[in-house]
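Report on the structure given below.
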Amino acid sequence: MPPSRRAFLACSSLAAVAAALDSALLKAQAPPSQQPATPGAPPAFGTAAAVGPEVSADDFAHAEKLVQFEMTGGERNQAASNWRMQMAPLYELRTGPRKLEMPQSVAPATVWNPMLPGLKLHEGDNTFVRSAARGKPLPANEEEIAFAPVTQLSRWIESKAITAERLTEIYLARLQRFNPRLRCVITLTRDHALEQARKADKEIAAGHYRGPLHGIPWGAKDLLDTAGIPTTYGAEPYRDRIPKEDAAVTARLNEAGAVLVAKLSLGALALNDIWFGGQTMNPWAPDAEGASGSSAGPGAATAAGLVGFAIGSETGGSIVSPSMRNGVTGLRPTYGRVARTGAMTLCWSLDKLGPMTRSVEDAMLILNAISGPDAGDVASVPSTLGFRAGASVKGMRVGYFPQWMKEPPATDVDRAALETARKLGMEAVGVSLPDWPYDSLNLMLFAEAAAAFDDLVLGHKLDMLKAQVPDAWPNVFRQSRFLSAVDFVQADRFRRKVAEEMARVMAQVDVLLVPSLRDEMLVISNNTGHPSLTLRAGFVEVSEARSDWAPDPAHPVAKFAPPRRVPHGITLIGRLFDEGTLAQAGMALEGAFNVMGEHPPGF
């Protein structure tokens, strides 16, 4: 104790001063966000603790080239001065310390709704009328059975002309025989298929016929979850992935009595036609040309008569392109009609699941079975589906883009298809769209896809994928890290303007007829969510192999001498949730074209 009161007071005062100085020093050293705030003072931007690497004005000068945005020297200095306190902390979700894992099942909070304000949802009467039975006897030739459409296969099964087990054995044998040439199968589900087929036969024998898909063998693009059966996404990091539950579409086809015979190939992570087992080939040119993608296996297997039907998926052309290349029918439903629960996510606001078949009516039979919302897909919605096989198309308005029909990729087949529509009594209506930079919408595709597989990017697992060319996903996903967030929002706003223009066009017509691979329409209609139907319309001759990949002088495509004769298809675009009218037009054109009876040689 101090010897006197005076000494105590002096000592106490010095202690208080020292404590005050210590407190002030600690406050000065604390980051702004941790300093005691004046009561009632609001938080401010740029006051977080500095994190991340040092950033200089020169760093911004280099980054400007990536985003094509230029600042002055003073603006760069200011941006660098507080980047670590204002912007870098926003990456904490990814960089930590409070990292948060985001599985694909967590969809973005913003959900794309193709039905713009003021648009009236097409409301059919939900009546589904399939074509009448034709009484065609079961062929003795198993090849002829295998190539029959589901519309006919289902009649043979219903009448017990063939059992589901025998039909399944036919397809299993063909899958084993021809897969070495096509590389379209990732997993053959023999035991599972035979078990389902025998169950179907027992139910049918007992009088419990589930409908036109009962006992029909099918193949799933290997991004649809199948409980206890590998679902690999065609990608090396997921080769051993075995889901515990079925995807919503898988479950619905199980309920319809369909028989899963194979998990079919897709380009790795749903891009093009190369997967960890190699390149899936087009059965019309199996020695030289890929099947296109990313629904490569569904396209090749359906065209070669290896399955009754298949389920594919599309984000930017993955049903349309392989349907064109392989000469099959591909139906891309309206965005939101078919729940994607349990399917691999590439792009939450663009992904769609749909059937790939050997006839238009087949596609509608399958769409009828898989339509409907599911709680696991926040973008899926209830909808009606009205369809009457063989309904008249007289007076139907078919829109077309006059200039597009005069230039590539349109061919004589496309132009003849428009003339066929006229001969069927349809009214051809010329339409137009603004000359806008539609490919800017792909910014959202690349950003969402990179986010969906962020774990592969950050974990450097993209190096495991077979395709490593500049236009393959590994490079695209890494590049997408440097896309501008502001431009993402601008692209999203542009999407709404594009949707408004499509609404204007579709108000003038019942369907559009377009060259299948016209880039603008692939981008536009996938972003607006409109349904499409691709069907074989004729044949063309090609002098070189077609490829989904950017030209590579080091690996030129094969040349054909003489030219190869291959199928060529046209694409119809329908009104939102009006697949019934789309199929009505498609069936009429399909019958007039009369080219679906020809099969790939050697299969």
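The values are calculated or read from the model by the stated rules, or taken from the named source; none is laboratory data. Just so it is clear, the structure is predicted and the values come from calculations on it, not from any experiment. As a convention, Cβ positions derive from the backbone with ideal geometry for all residues, glycine included, and neighbour counts pool all protein chains shown. Calculation scope for accessible area: heavy atoms of the full protein, side chains included, ligands and nucleic acids excluded. Shrake-Rupley method; radii C 1.70, N 1.55, O 1.52, S 1.80 Å.
In the range 136-157, which residue that is open to solvent by 70 Å² or more (accessible area, probe 1.4 Å) and not basic (Lys, Arg) is farthest from residue 574 (Cα to Cα)? By that ranking, first place goes to 140. When restricted to residues that are outside any helix (DSSP H, G or I) and of a type in the set (A, V, I, L, M, F, W, C), the range 353-390 contains 9. Each residue in the range 546-587 was checked for being more than 18 Å from residue 300 (Cα to Cα), open to solvent by 60 Å² or more (accessible area, probe 1.4 Å) and in a strand (DSSP E or B), and 4 pass.
Name the residues in the range 407-431 that are open to solvent by less than 70 Å² (accessible area, probe 1.4 Å), touching a residue at least 12 places away in the same chain (Cβ under 8 Å) and outside any helix (DSSP H, G or I), would you? Before you say what the answer is, go through the steps one by one.
First, pick out the residues of the range 407-431 that are open to solvent by less than 70 Å² (accessible area, probe 1.4 Å): 407, 409-411, 413-414, 416-418, 420-421, 424-426, 428-431.
After this cut, where a residue has to be touching a residue at least 12 places away in the same chain (Cβ under 8 Å) as well, the list is 409-411, 413-414, 416-418, 420-421, 424-426, 428-431.
Matches in the range 407-431: 409, 410, 411, 424, 425, 426, 428, 429, 430, 431.
Report the residue count in the range 86-100 for those that are part of a helix (DSSP H, G or I), open to solvent by 80 Å² or more (accessible area, probe 1.4 Å) and more than 10 Å from residue 52 (Cα to Cα).
Initial filter on the range 86-100 (part of a helix (DSSP H, G or I)): 86, 88-95.
With open to solvent by 80 Å² or more (accessible area, probe 1.4 Å) added as a condition, the list becomes 90-91, 93-94.
If we keep only those that are more than 10 Å from residue 52 (Cα to Cα) as well, we get 90, 93-94.
Counting residues in the range 86-100 that are part of a helix (DSSP H, G or I), open to solvent by 80 Å² or more (accessible area, probe 1.4 Å) and more than 10 Å from residue 52 (Cα to Cα) gives 3.
With respect to residue 453, is the statement that it is open to solvent by 40 Å² or more (accessible area, probe 1.4 Å), at pLDDT 95 or above, touching a helix residue (DSSP H, G or I) at 6+ places or on another chain (Cβ under 7 Å) and under 30 Å from residue 104 (Cβ atoms) true? In short, no.
For the range 159-172, check the following and say yes or no: at least one residue is open to solvent by 50 Å² or more (accessible area, probe 1.4 Å) and of a type in the set (Val, Ile, Thr). Yes, the range 159-172 contains at least one residue that is open to solvent by 50 Å² or more (accessible area, probe 1.4 Å) and of a type in the set (Val, Ile, Thr).
This table checks each residue for (1) within 30 Å of residue 376 (Cβ to Cβ); (2) free of Cβ contacts under 8 Å to residues at least 60 places away in the same chain; (3) of a type in the set (Gly, Ala, Ser).
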residue: 81; (1), (2), (3): no, yes, yes
residue: 99; (1), (2), (3): yes, yes, no
residue: 126; (1), (2), (3): yes, no, no
residue: 147; (1), (2), (3): no, no, no
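Listed by first and then second residue, the pairs linking a residue in the range 584-603 that is under 19 Å from residue 145 (Cβ atoms) to a residue that is at pLDDT 95 or above and in a helix (DSSP H, G or I), with Cβ atoms under 7 Å apart and 6 or more places separating them unless they lie on different chains, are 596/590; 600/303; 603/178. Taking each residue of the range 377-406 that is on the phi > 0 side of the Ramachandran plot and looking for partners that are among the hydroxyl-bearing types (Ser, Thr, Tyr) with beta-carbon atoms closer than 8 Å, six or more apart or interchain, yields 390/131. In the set 491, 447, 507, only one residue is without any contact (Cβ under 8 Å) to a residue 60 or more places away in the chain, out of contact with any strand residue (DSSP E or B) (no Cβ under 9 Å at 6 or more places or on another chain) and open to solvent by 40 Å² or more (accessible area, probe 1.4 Å); that residue is 507.
Looking at residue 83, is it part of a loop (DSSP other than H, G, I, E, B) and buried (at least 16 other Cβ atoms within 10 Å of the Cβ)?
Details: part of a loop (DSSP other than H, G, I, E, B): no; buried (at least 16 other Cβ atoms within 10 Å of the Cβ): yes.
So residue 83 fails the test.
Would you be able to say whether some residue in the range 496-506 is under 16 Å from residue 316 (Cβ atoms) and in a strand (DSSP E or B)? No, the conditions are met nowhere in the range 496-506.
Inspection of the range 436-452 identifies at least one residue that is over 20 Å from the mean Cα position of the chain (by Cα) and in a loop (DSSP other than H, G, I, E, B).
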